[in-house]
Each structure stands twice: as C-alpha cells, then as structure tokens.
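Structure first, commentary second.
Each value in this text was obtained by applying a stated rule to the coordinates, not by laboratory testing. Everything quoted here is computed from the prediction, not taken from an experiment. Glycine gets a Cβ as well: all are built from the backbone with ideal geometry, and neighbour counts include every protein chain shown.
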Amino acid sequence: MESDNKNKSITDVQEEPSRRRFLLIAGWIGFLFTSFLVSLLTLVDFYKPKVLFGPSSKFKAGYPDEYPAGKVSTRWMKDKGVWIIRTDHGIYAFLAICRHLGCIPNWIEEERLFKCPCHGSNYNIEGDVVGGPAPRPLFRLGVSYALDGQLIIDKSVKEDRVGVREKDQFFLPV
Ligand code: FES
C-alpha cells in the first residue's frame with residue numbers, strides 16, 4: 001500500500017513538468033495564432049478599397065427645345081447648382097459658384113447679370129467678370145448629347161479660359 005502511494009506521488013511529480021510544458025506551448029500557440037490573425041485582418045483591411053460613392057457629376061438636363069434662345073435657365077439651380085444658357089447658335093452651362101470666395105450668385109434678368117450677394121461680383125452672360133472682386137470668369141461645364149437627344153451636363157469638366165470655353169465640349173451648337 002505504501003509502495004502504491006509512493007509510486008503515485010512519483011508519477012504526479014513526473015507529470016507536473018509535462019503538463020506545465022503543455023500549457024506553456026498551448027499558450028504560445030494561442031498567442032502566435034491571435035497575433036497572426038490580427039495582422040492578417042489588418043492587412044486585409046488595409047488593401048480593401050476605401051471608396052466613397054457620391055452623386056454622379058453628370059446629369060440629363062432635358063431636350064434643347066426646352067430652353068428658349070436668349071434666356072438663362074435657372075431650372076437646375078436648386079438641385080444641381082447649374083445655369084443653362086441658350087443663344088441663337090448653341091447651348092452652354094455655368095457652374096453657379098462665384099469665383100471670388102464661392103458664394104452662389106443670382107441671375108438678374110432685368111440687368112442681364114449674374115450678381116453675387118456676398119461681395120458684389122457681377123458676371124455677364126458670357127460669364128466674364130464685369131464688376132467686383134472676382135478674379136476669374138464663371139466656370140463653363142461639359143455639355144453633350146445623350147443617345148436619346150437630351151443634354152448631358154458634366155460638372156466634373158470645367159473651363160474658364162477665353163477661346164477654349166467656347167469650343168468643343170463646352171459649347172453645343174444647335
Ligand atoms: S464670393 Fe462672390 S463676390 Fe465674394
């Protein structure tokens with residue numbers, strides 16, 4: 001009996017280091033696995049594209065016939081911040097942002113001027129500055145036809161240089 005107890009206690013003493021070793025190894029494996037997992041997730045997150053989907057810069061603005069010649073249309077001012085102008089020869093569009101500090105001018109039909117309420121810049125129907133502190137003309141926007149014949153205004157395409165703004169994508173002959 002005494003011999004049995006002696007044998008048991010010897011076995012317990014022998015098992016103790018191997019259990020400790022097992023726990024140590026298991027602990028390290030757990031730690032390394034967790035570290036690997038965190039690194040992997042961080043890496044995957046880093047390479048995931050961070051894209052913000054905003055509203056499109058293009059919009060359909062109806063048919064040319066909807067815009068009477070010689071008029072500035074304010075139809076898209078509220079929703080899109082754009083004026084559309086039709087002359088006897090064609091159509092162009094302005095971005096409704098003052099080139100001074102970015103206020104929104106108003107079209108005053110009686111004076112045939114775009115007038116900025118903030119610091120008094122005035123622009124004529126060509127978009128040129130005729131008064132006030134604005135340093136540059138209004139931006140003209142890309143104008144083209146959709147397949148169904150409607151106008152497409154592209155706010156991502158802008159031009160204010162005289163001689164360029166009257167051509168190609170910024171002026172649509174009608
Ligand atoms: S923001 Fe238009 S004049 Fe200053």
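In this calculation the C-beta distance from ASN106 to LYS48 is compared with R0 = 30 Å, giving a FRET efficiency of 0.10.
By the gyration tensor of its Cα atoms, with a ≥ b ≥ c the square roots of the eigenvalues, what is the shape of region 49-169: rounded for a/c under 1.5, prolate for a/b over b/c, or oblate? Kindly include the intermediate steps, with their values, before the conclusion.
Values: a/c = 1.69, a/b = 1.20, b/c = 1.41.
Taking the square roots of the gyration eigenvalues as a ≥ b ≥ c, region 49-169 is oblate.
For GLY131, the residues 5 or more places off, or on other chains, whose built amide H falls under 5 Å of its own are ASN122.
Counting neighbouring beta carbons within 10 Å and listing from fewest to most, the residues ASP65, ASP160 come out as ASP65, ASP160. Once the C-beta distance of LYS78 and LYS115 is scaled by a Förster radius of 25 Å, the resulting FRET efficiency is 0.90 to the nearest 0.05. Here the Karplus relation 6.51 cos²θ - 1.76 cosθ + 1.60, evaluated at θ = phi - 60°, turns the backbone of region 102-111 into coupling constants of x, 6, 9, x, 10, 8, 10, 4, 4, 9 Hz, with x for every Gly and Pro.
I need the shape label for region 13-116. Rule: rounded when a/c is under 1.5, else prolate if a/b > b/c, else oblate, with a, b, c from the alpha carbon gyration tensor. Provide the component values of the computation, followed by the final result.
Values: a/c = 8.66, a/b = 4.82, b/c = 1.79.
In terms of gyration-tensor shape, prolate.
In this structure, the residue pairs whose Cα-Cα separation is over 22 Å, taken from LYS80/LYS158; LYS71/LYS115; LYS78/LYS158; LYS50/LYS80; LYS60/LYS115, are LYS50/LYS80; LYS60/LYS115.
Where does each of TRP76, TRP107, TRP28, TRP83 land when they are ranked from fewest to most other beta-carbon atoms within 10 angstrom? All intermediate terms of the calculation are to be shown ahead of the outcome.
On the way: TRP76 17, TRP107 20, TRP28 10, TRP83 23.
Sorted ascending by nearby Cβ count, the order is TRP28, TRP76, TRP107, TRP83.
Counting other C-beta atoms within 10 Å, which of CYS116, CYS103 has the fewest, and how do the rest follow? The partial results should precede the final answer.
Working: CYS116 25, CYS103 15.
Going from least to most buried by this count: CYS103, CYS116.
Applying 1/(1 + (r/R0)^6) with r as the Cβ-Cβ distance of ILE152 and SER39 and R0 = 45 angstrom yields a FRET efficiency of 0.45.
Considering only LYS158, LYS58, LYS50, the mean-square fluctuation computed in a Gaussian network model of the chain, springs between alpha carbons under 10 angstrom, is largest for LYS50.
For ASN106, nonlocal amide neighbours, meaning residues 5 or more places apart or on other chains whose placed amide H falls under 5 Å from its own, are LYS115, CYS116. Spin-label pair ARG19-ASN124: with each label point 7 Å from Cα along the Cα-Cβ axis, the two points sit 9.7 nm from one another. In the chain, Cα pairs under 8 Å separated by at least six residues give a relative contact order of 17 percent.
For region 60-73, backbone phi angles converted through the Karplus equation (6.51, -1.76, 1.60; θ = phi - 60°) give residue-by-residue couplings of 7, 10, x, 8, x, 5, 6, 10, x, 4, x, 10, 9, 8 Hz, Gly and Pro being listed as x. Database remark: amide H of VAL157 closer than 5 angstrom to the amide H of GLY142 (H placed geometrically; neighbours at sequence offset of 5 or more, or on other chains; Pro and chain starts carry no H).
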